[in-house]
Amino acid sequence: MTSMARAYRGTALPVGDRALLVELADGEETAAFHAELLRRRAAGTLPAVREIVPAARTVLLDGLDDPAGFAAALRTWELPPAGSSRTDAVNLPVRYDGPDLAEVAARWGVSEEEVVRIHTAAEFRVAFCGFSPGFGYLTGLGERYAVPRRATPRTAVPAGSVGLAGPYTGVYPRSSPGGWQLIGTTDAVLWDVSRDPAALLSPGTRVRFTAVAGDGREGKDR
């Protein structure tokens with residue numbers, strides 16, 4: 001482990017006979033724990049587990065043969081920072097033309113151009129998924145740039161809208177109601193049942209945003 005690794009400090013709670021719900025202190029620790037689970041599974045050193053489902057401050061481990069033994073083993077783990085993964089990032093081309101861009105700039109105390117620079121300079125990670133199929137909650141900006149949800153949610157947010165809420169960035173996979181602050185639009189397909197996997201973004205995926213003009217179809221899909 002690196003010198004930046006920290007000891008696991010979670011609380012593992014039994015869920016039924018074959019699952020654990022691991023509660024962590026904060027989003028950063030949850031991301032680090034989830035990343036370590038994925039690293040060990042890829043290396044073949046993780047005990048058999050059917051599902052790993054992260055949330056804001058918990059990770060559900062389902063399908064364990066020995067939940068109590070797994071919980072005991074967790075107390076010996078050290079967790080490198082989640083950002084230590086070097087897997088390729090998904091690049092999402094974005095037209096920064098959102099209706100709330102000016103409001104976000106005012107809240108941050110910067111120009112609209114600086115909002116774009118800050119957002120495209122950050123490296124994001126999908127912390128967890130929810131709300132609708134293909135919707136990922138991306139961390140990377142930090143609490144400094146957290147913004148509140150809109151006081152009055154929109155009844156219909158267009159598919160591909162890039163929004164901010166709290167410390168998260170998210171992209172709407174399809175048109176739906178929503179209260180996030182919209183700063184741009186992407187043509188990337190976030191959810192496609194004919195694709196395997198159907199979701200472009202899954203927990204642990206690294207994401208970068210690129211500013212584009214025109215129809216925004218530059219960049220790569222995965």
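Once the Cβ-Cβ distance of residue 62 and residue 7 is raised to the sixth power relative to R0 = 22 Å, the FRET efficiency obtained is 0.35. Multiplying each eigenvalue of the alpha-carbon gyration tensor of segment 33-81 by 5 and taking the square root yields semi-axes of 15, 13, 12 Å, largest first, rounded to whole angstroms.
Excluding residue 57 itself, what net charge comes from residues whose Cβ is under 14 Å from its Cβ, given Lys and Arg +1 and Asp and Glu -1? Once positives and negatives cancel, what remains is -3. Here the accessible area is traced with a 1.4 Å probe on the protein chains. For the chain, carbon and sulfur cover 53 percent of it. Please state, as a whole number in µm²/s, the translational diffusion coefficient that the Stokes-Einstein equation yields for segment 1-84 at 4 °C and 1.567 mPa s, with Rh defined as the Kirkwood radius across alpha carbon pairs. It comes out at roughly 102 µm²/s.
Return the calculated 222 nm mean residue ellipticity for the chain, to the nearest 500 deg cm²/dmol, obtained by summing -39500 (n - 2.57) across DSSP H runs with n ≥ 4 and dividing by the residue count. One gets -6000 deg cm²/dmol as the mean residue ellipticity at 222 nm. Full extension of the chain between residue 42 and residue 15 yields a length gain of 7.3 nm, computed as 0.36 nm times the residue separation minus the alpha carbon distance.
For segment 65-124, the convex hull spanned by the alpha carbon atoms encloses 193 Å³ per residue. Three principal axis extents describe the C-alpha atoms of segment 124-179; from largest down they are 28, 25, 15 Å.
Taking Lys and Arg as +1 and Asp and Glu as -1, the other residues whose beta-carbon sits under 15 Å from that of residue 149 total +1. Given the options 143, 23, 78, state which has the largest fluctuation in a GNM of the chain using a 10 Å cut-off (strictly under) for Cα springs. Of 143, 23, 78, the Gaussian network model singles out 143 as fluctuating most. Using 0.36 nm per residue and subtracting the Cα-Cα separation, the extra length available between residue 152 and residue 131 on full extension is 5.8 nm.
Please give me the summed charge of the neighbours of residue 178: other residues whose Cβ is under 12 Å from its Cβ, Lys and Arg +1, Asp and Glu -1. Summing Lys and Arg as +1 and Asp and Glu as -1 gives +3. Specify the residue with the greatest mean-square fluctuation among 48, 73, 165, computed from a Gaussian network of the chain linking alpha-carbon atoms under 10 Å apart. Highest fluctuation among the options: 73.
Averaged per residue, the chain has 49 square angstrom of accessible surface, using a 1.4 angstrom probe with ligands and nucleic acids left out. Taking one equal scatterer on every alpha-carbon of the chain, how large is log10 of I(q)/I(0) by Debye at q = 0.08, 0.10, 0.14, 0.18 1/Å? Log-scaled intensity ratios, in q order: -0.31, -0.48, -0.90, -1.29.
In this rough spin-label picture, where each label sits 7 Å from Cα along the Cβ direction, the residue 193-residue 107 distance is 3.4 nm.
Taking the chain as a Gaussian network of alpha-carbon nodes connected by springs under 10 Å, the highest mean-square fluctuation of the residues 163, 98, 44 belongs to 44.
Among DSSP beta bridges lying fully in the chain, give the percent that are antiparallel, nearest 5. So the antiparallel bridges in the chain amount to around 90 percent.
The values are calculated or read from the model by the stated rules, or taken from the named source; none is laboratory data. Since we're looking at a predicted model, the values are computed, not measured. Note that each Cβ is placed from the backbone with ideal geometry, even for glycine, and that neighbours are counted across all protein chains shown. To get the accessible areas, we keep the full protein, side chains included, count just its heavy atoms, and leave off ligands, DNA and RNA. Shrake-Rupley method; radii C 1.70, N 1.55, O 1.52, S 1.80 Å.
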